[in-house]
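Notes to accompany the following structure.
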Amino acid sequence: MTGPDQKLPAGQGRAEIDAFLRKVAATPARREGERRGRLIFALDATQSREAAWDRACRLQGEMFVETAALGGLDLQLVFYRGFSECKSTGWVSDTAELARLMGKVRCRAGETQLGRVLIHAEAEAGRGKVDALVFVGDAFEESLDRICALAGKLALRGVPAFLFHEGHDPLAARAFREIARLTRGAYCPFDASSPGQLRDLLAAVAVYAAGGRAALEDLGRRRGAGVTALIGRMGGG
């Protein structure tokens, strides 16, 4: 786990976020009139993530709030923790239900199981279209070769993976970057001391997937200068 005094260097963090937003901007959005978007929201719930889990519980509502006017979003929660425990919920369409489900989970010590998340996402995409996989974690303790093979299968299903990296563990960074590259998603580290940063990035992925760039520009007008600045950097703008 990254210690509380270890933060991303300011320049590196900003550059990574800019690159992440450009990748989001390049992801094709659904056309108006199509079905609701479907997003898998996966989190590391091992012991080192306890404080982060509480933050995620508070932030998750942004994805529903900001996409409601765009036709809505169906979201499935996936998490791993403890000894070989990886679970998923059904698809939910409102923030209260997701908050209830997340509130029942308690973090437990254990090793990472990102491979099982990818296997689940690929299987879910085989049953019906999945627009994106979002993963939030801070560590990686698995075989990179195996993870890359699983990411390749997910890519064949057309599911981009957006990986949010808390801290700066180099092994996790390498694995998360490879998954993002193979699935044509994006990788972005974030500073755990700035929850607003993660909130805006989660909202950006959800809003863009649901309504495209026009919807993001509207989000910027409603949320103020901070979001507008993020949008201005998307797509190289």
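The values are calculated or read from the model by the stated rules, or taken from the named source; none is laboratory data. Source: prediction; values computed, not measured. Cβ atoms come from the backbone with ideal geometry, glycine included; neighbour counts cover every protein chain shown.
Taken over region 91-105, the criterion of being surrounded by 15 or more Cβ atoms within 10 Å (Cβ to Cβ) and aliphatic (A, V, I, L, M) is satisfied by VAL92, LEU98, ALA99, LEU101, MET102, VAL105.
Does region 150-164 hold any residues that are among the small types (Gly, Ala, Ser) and within 23 Å of PRO189 (Cα to Cα), and which are they? Lay out the reasoning, then the answer.
Pass one, region 150-164, residues among the small types (Gly, Ala, Ser): 151-152, 155, 158, 161.
Passing the criteria: ALA151, GLY152, ALA155, ALA161.
Within region 68-86, is there a residue that is modelled with pLDDT under 85 and under 16 Å from the mean Cα position of the chain (by Cα)? Yes: region 68-86 contains one or more residues that are modelled with pLDDT under 85 and under 16 Å from the mean Cα position of the chain (by Cα).
Inspection of region 118-138 identifies no residue that is within 28 Å of ASP191 (Cα to Cα), more than 17 Å from the chain's Cα centre (by Cα) and part of a helix (DSSP H, G or I).
Per-residue answers, yes or no, for (1) hydroxyl-bearing (Ser, Thr, Tyr); (2) in contact with a Leu (Cβ under 6 Å, 6 or more places away or on another chain); (3) within 18 Å of ALA52 (Cα to Cα):
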position: THR67; (1), (2), (3): yes, yes, no
position: GLY72; (1), (2), (3): no, no, no
position: PHE79; (1), (2), (3): no, yes, yes
position: GLU85; (1), (2), (3): no, no, no
position: VAL92; (1), (2), (3): no, yes, no
position: CYS107; (1), (2), (3): no, no, yes
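Listed conditions (1) touching a helix residue (DSSP H, G or I) at 6+ places or on another chain (Cβ under 7 Å); (2) at pLDDT 90 or above; (3) more than 20 Å from VAL205 (Cα to Cα) are all met by ARG108, apart from (2).
Among the residues making up region 81-117, those that are among the charged types (D, E, K, R) and assigned to a helix (DSSP H, G or I) are GLU97, ARG100, ARG116. Among the residues of region 134-157, those that are of a type in the set (A, V, I, L, M) and either touching a Leu at 6+ places or on another chain (Cβ under 7 Å) or exposed (fewer than 15 other Cβ atoms within 10 Å of the Cβ) (or both) comprise VAL134, VAL136, LEU144, ILE147, ALA149, LEU150, ALA151, LEU154, ALA155, LEU156. Screening ALA203, ALA214, ALA175 for residues that are assigned to a helix (DSSP H, G or I) and either in contact with a Ser or Thr (Cβ under 7 Å, 6 or more places away or on another chain) or within 21 Å of ALA56 (Cα to Cα) (or both) leaves exactly one candidate, ALA203. For GLN47, the conditions (1) modelled with pLDDT of 75 or more; (2) polar (S, T, N, Q); (3) surrounded by 17 or more Cβ atoms within 10 Å (Cβ to Cβ) are fulfilled apart from (3).
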